[in-house]
């Protein structure tokens, strides 16, 4: 009769050595590829092919909001203003304006940034407003988030009025 030590003793069962070593490496690779990472301004999925279901917005006051990537209709990046995201759900349109600096900068140790390698690929899991102390301590070239503004609108006119007031650089000329 075999006991547990016979079954687990790979030296006695050499045909299992390759399988066992591959299984351990696959688990390590899987864990490494799906782990989350972060910088001071945002968190992201480390795996190049991993995709988040939603993005979380974290505010200085402790409030949080989550928005499904499925509702993300479009986004724009103007380095002088920030990133504008447009979520479309039901009768409401929600605009999220992320203000900060170096928002398109790639993180040195990772192949990710907040814009085309992050939000566009649905790898960003949260974006957070940084407090004044964190903003002062940021290194040159590091992404920072100064402020996140969210507005909900029922009409295009409301969207235009809000944008004209807080981020006119994102306004496009009216089509006549």
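A residue that is in contact with a strand residue (DSSP E or B) (Cβ under 8 Å, 6 or more places away or on another chain), closer than 17 Å to residue 151 by Cα and in contact (Cβ under 8 Å) with a residue 60 or more places away in the chain can be found somewhere in segment 95-117.
Set side by side, the residues 104, 89 differ, and just one is farther than 26 Å from residue 139 by Cβ and surrounded by fewer than 19 Cβ atoms within 10 Å (Cβ to Cβ), which is 89. Taken over segment 134-172, the residue count meeting the criterion of being within 23 Å of residue 92 (Cα to Cα), part of a loop (DSSP other than H, G, I, E, B) and out of contact with any helix residue (DSSP H, G or I) (no Cβ under 8 Å at 6 or more places or on another chain) is 4.
Just to be sure before I move on: is residue 51 in contact with a strand residue (DSSP E or B) (Cβ under 8 Å, 6 or more places away or on another chain), assigned to a loop (DSSP other than H, G, I, E, B) and either at pLDDT below 95 or assigned by TED's automatic domain parsing to the domain that holds residue 158 (or both) in the structure I sent? Yes; evaluated as a whole, the condition is true for this residue. Restricting the first member to segment 28-54 and to residues that are exposed (fewer than 12 other Cβ atoms within 10 Å of the Cβ), and the second to residues that are at pLDDT 85 or above and in a loop (DSSP other than H, G, I, E, B), the beta-carbon pairs closer than 6 Å and six or more apart or on different chains are 51/122.
The values are calculated or read from the model by the stated rules, or taken from the named source; none is laboratory data. Source: prediction; values computed, not measured. Reconstructed Cβ throughout: ideal geometry from the backbone, glycine too, with neighbour counts over all protein chains shown.
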